[in-house]
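Structure record follows, encoded as structure tokens.
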Amino acid sequence: MKPSDQTPDVLTAGEAAAIDQVIADHGNDATQLVGILLSVQEAAEGRYISRAAAVYVARKLGLKITQVYDVISFYTAINDEPQAKFTLEVCSSAPCQVNGASSLLDDLSELLGVGVGETTPCGKFAIRKVPCFGACDVAPAVRCNGKVYGGLTDKDKVAAMLKELEGGAC
Amino acid sequence: MSKAVSFISRRFGQYDPASLADYEAHDGFKALKKVLGEKIDGYDIAKVLSDNGIQGRGGAAYDMGRKWSQARDVKGGHKWVVCNADEGEPGTFKDRELLKNDPFQVLEGMIIAGWSVGANDGLIYLREEYWHLRPVILSAIKQCEEAGYLGDDILGSGLNYRIHLYSGAGAYVCGEGSALSESVEGKAGRPRGKPPYIKQCGVFHLPTCVNNVESFSLVPNVLLDDEGFYKSQGTPECPGTKMISVSGNVKNPGVFEIPFGTTIREIIELAGGVADGHEVRLVQLGGASGCIASKDQLDTPYTYDDLKKAGLTAVGSGAVLVVDDRTSVVDFLRMTQAFFCHESCGQCTPCREGNRHIALTLDKLAEGTCTRAELDSAIRYARLMTDASICGLGQAAQSAFLSALKHFPADFELKKEAAVK
């Protein structure tokens, strides 16, 4: 059973109000669907679009649910599963790779005790490989919740970055 | 030695990008006031762009003046101007710097575009990776609206023009005009078949003029350049300056504005030279979809024509990725290939299957188990992708592989036992 299947199919009043606000901020404009989903996700617990949220957005914007899921499943930055509190996105494109992105991945795995694509048992950290996010001047780099951490050339620097994220421990 | 210049980057660090008043104090909106005050015709503005030899900075290098006059030609009441800020080519981050350090300059260029081509709406399509730049852009738009640079009857000229901000969501393919249009319409970003072209049928199926962040940034500067500084830079065939992003194994990676005609070697020196005393193995120009140059080609001048003559396609996105001798050519290609396998939207067969097939062949090459027949098929698929893919992604995805075959033949010599199989 996928985690998203366990979530209730209804939104709390607070969650619905938050989505209303996002849609109003985007001018009630259905063509802004991509931006709306990103903002809804940013405000949601677990940084993902739950099934209930997707249904709600579709109804509010007058779209078919299939249209909303076409967008959710197409774009990598929109999640349909709950995310770890800190998803460490490691750039795997050439500019970071030639600057040691694979040893950065090894360091992260060793420090957190999980591999690429995995989440720590406490659910706090996850490691993911992503394509270039335009931080090649500070390669190798990690992006976490929208913030870029660059120059992670050795294990001490990786540990220092993790420490910045709530002490880096589970 | 330093060959860096500052033309469109001249305001970097000189003013507070959160303040319109500060921008105005640094010649901001002077070009717009000139255009609207003198009611300069859109065709004349397009001519200035063409006379300065400006080619679009997004990668396709289309004559910008020509694009604008074609956009003006298009009949139809409602047109759109699109600023493509979806710079997804690995190794490219110059638009990030332009938006961060001088967002008003981009807006000014877009407003002049609206006037020139006869559009009433403009939009910025910002990649999700630059989500952190949203507040600065939204604030710049708001300040322009309050000051009357956006909205109805701008500066009493009769021009009604608004700018909207749209988000991408981590899809490289959305940098392509028709995929971008789909995305702006609130859909998945799958490229459309062409024709009709974007200029006739773009966002919301309306006539659309798409330019890159850097292209728009050039406009106000060129219009105020009475002394002809821009044209005095570069070479006679390729005048002007270019924003480049230098990354990889160099000491000081970053964004530089250089005159065209600077050699690749000088660009590497500008970025502090190769790091840790290593030798250059290869240089990739224009991002993952760009060609790769060997160390024997470093004295090639950085101009559209010279690069093309050297078999390096073109300037592309302005990325210059320097790779030293610690990475082999085949391993480098595997990194690029992994990127395209991830980013192919999967809509058309040549791109979807071709990328995967070539990735497997490159893996075998690295292992030393690739046969002649397998390599030949990969080359055939690469050429097929170039000819038969729906959009620029698939068409350009194999530039690195095909140029590597030409410039690094020794790296594709097959291991003996595999070759006889």
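The values are calculated or read from the model by the stated rules, or taken from the named source; none is laboratory data. Bear in mind the structure is a predicted one, so any value in this text is a computation, not a measurement. Note that we place each Cβ from the backbone using ideal geometry, even for glycine, and neighbour counts take in every protein chain shown. When the accessible area is computed, the model is the full protein with side chains, heavy atoms only, and any ligands, DNA or RNA have been set aside. Shrake-Rupley method; radii C 1.70, N 1.55, O 1.52, S 1.80 Å.
Checked against (1) open to solvent by less than 10 Å² (accessible area, probe 1.4 Å); (2) at positive phi; (3) within 14 Å of chain A (Cβ to nearest Cβ); (4) of a type outside the set (Lys, Arg), B:GLY272 meets all criteria but (1).
Can you find even one residue in region B:196-209 that is within 30 Å of A:THR66 (Cβ to Cβ) and of a type in the set (Lys, Arg)? I'd like the intermediate steps shown before the answer.
Here is the first cut: in region B:196-209, the ones within 30 Å of A:THR66 (Cβ to Cβ) are B:196-198, B:200-208.
Okay, now just the ones that are also of a type in the set (Lys, Arg), so none.
Within region B:196-209, none of the residues are within 30 Å of A:THR66 (Cβ to Cβ) and of a type in the set (Lys, Arg).
Right, B:GLY311: surrounded by fewer than 17 Cβ atoms within 10 Å (Cβ to Cβ), assigned to a loop (DSSP other than H, G, I, E, B) and either among the small types (Gly, Ala, Ser) or at pLDDT below 95 (or both) or not? In short, yes.
Between A:GLY115, A:GLY168, A:GLY150, which is touching a helix residue (DSSP H, G or I) at 6+ places or on another chain (Cβ under 6 Å) and at pLDDT below 95? If you could, list the steps in order and put the result at the bottom.
Working: A:GLY115 fails: at pLDDT below 95; A:GLY150 fails: at pLDDT below 95.
Just one listed residue meets the conditions, A:GLY168.
Let's see how each residue does on (1) open to solvent by less than 10 Å² (accessible area, probe 1.4 Å); (2) within 17 Å of B:PRO191 (Cβ to Cβ); (3) within 14 Å of chain A (Cβ to nearest Cβ):
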position: B:ASP325; (1), (2), (3): no, no, yes
position: B:THR349; (1), (2), (3): no, yes, no
position: B:ALA373; (1), (2), (3): no, no, no
position: B:THR386; (1), (2), (3): no, yes, no
position: B:ASP411; (1), (2), (3): no, no, no
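For region B:113-133, filtered to residues that are assigned to a helix (DSSP H, G or I) and closer than 17 Å to B:GLU145 by Cβ, the residue that is most open to solvent (accessible area, probe 1.4 Å) is B:TRP115. Scanning region B:226-268 for residues that are in contact (Cβ under 8 Å) with a residue 60 or more places away in the chain, away from chain A (no Cβ under 12 Å) and in a loop (DSSP other than H, G, I, E, B) yields B:GLN233, B:THR235, B:GLU237, B:CYS238, B:GLY240, B:THR262. When B:GLY88, B:GLY13 are checked against the criterion of being open to solvent by 60 Å² or more (accessible area, probe 1.4 Å), touching a residue at least 24 places away in the same chain (Cβ under 8 Å) and under 30 Å from B:VAL283 (Cα atoms), B:GLY13 stands alone in meeting it.
Which ones in region A:84-114 are over 19 Å from B:SER247 (Cβ atoms), of a type in the set (Gly, Ala, Ser) and either open to solvent by 20 Å² or more (accessible area, probe 1.4 Å) or over 21 Å from the mean Cα position of the chain (by Cα) (or both)? A:SER109, A:GLY113 - these are the residues of region A:84-114 that are over 19 Å from B:SER247 (Cβ atoms), of a type in the set (Gly, Ala, Ser) and either open to solvent by 20 Å² or more (accessible area, probe 1.4 Å) or over 21 Å from the mean Cα position of the chain (by Cα) (or both). Annotation note: of B:GLN337, B:GLN297, the sole residue that is of a type outside the set (A, V, I, L, M) and open to solvent by less than 10 Å² (accessible area, probe 1.4 Å) is B:GLN337.
What about A:LEU38, is it surrounded by fewer than 19 Cβ atoms within 10 Å (Cβ to Cβ) and either modelled with pLDDT of 95 or more or part of a helix (DSSP H, G or I) (or both)? Answer is no for this residue.
Please pick out the residue among A:ALA84, A:ALA77, A:ALA101 that is in contact with a Cys (Cβ under 7 Å, 6 or more places away or on another chain), among the small types (Gly, Ala, Ser) and within 15 Å of A:ARG143 (Cβ to Cβ).
Details: A:ALA84 fails: in contact with a Cys (Cβ under 7 Å, 6 or more places away or on another chain); A:ALA77 fails: in contact with a Cys (Cβ under 7 Å, 6 or more places away or on another chain).
Sole residue among the options that is in contact with a Cys (Cβ under 7 Å, 6 or more places away or on another chain), among the small types (Gly, Ala, Ser) and within 15 Å of A:ARG143 (Cβ to Cβ): A:ALA101.
Just to verify a result, which residue in region B:62-85, among those that are among the hydrophobic types (A, V, I, L, M, F, W, C) and closer than 30 Å to A:PRO140 by Cα, is surrounded by the most Cβ atoms within 10 Å (Cβ to Cβ)? Step through it out loud before you land on a result.
The initial filter retains those residues of region B:62-85 that are among the hydrophobic types (A, V, I, L, M, F, W, C), namely B:64, B:68, B:71, B:74, B:80-83, B:85.
With the extra rule that they be closer than 30 Å to A:PRO140 by Cα, the set shrinks to B:83, B:85.
Numbers: B:CYS83: 29, B:ALA85: 25.
It comes out as B:CYS83.
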